[in-house]
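Notes follow once the structure below has been shown.
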Amino acid sequence: MSWNSASVGNGSHTISAQATDSAGNSAASAGSAITVNNYPSPTTAITLRANNASGLIGTVTVNTSNTVASGLSVSLVELYVDGALYATPTADATVAMLVTLARLWHVAC
């Protein structure tokens, strides 16, 4: 019997087995802890046109550059401001987000 570990996410999992005989009797194995690490975690970087500038007002473009393992694509990019989710644009290899800073007087980069 084989199992494709790509069917679950990276991290800790428990596998077990159950056998049943023709009389309907069954028994389960003890669980076996495994760690799946099929793909490395993606990386992301953020840049602003005026990186670390103070006094930004209006709408500024926030660019992200995202890298994923070969054969995978970026499925989600989220922008957080002061730890709170601000925007979730459609993901792309390079994502440009327009951020209105009227109520956000700074963006920590």
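The values are calculated or read from the model by the stated rules, or taken from the named source; none is laboratory data. Quantities reported herein were computed from a predicted structural model and do not represent experimental measurements. Quick reminder, even Gly has a Cβ in these numbers, built from the backbone with ideal geometry, and neighbours come from all protein chains shown.
Here are I34, I46: which of them is surrounded by 10 or more Cβ atoms within 10 Å (Cβ to Cβ), modelled with pLDDT of 85 or more and part of a strand (DSSP E or B)?
I34
Quick check, is S65 among the hydroxyl-bearing types (S, T, Y) and modelled with pLDDT of 80 or more?
yes
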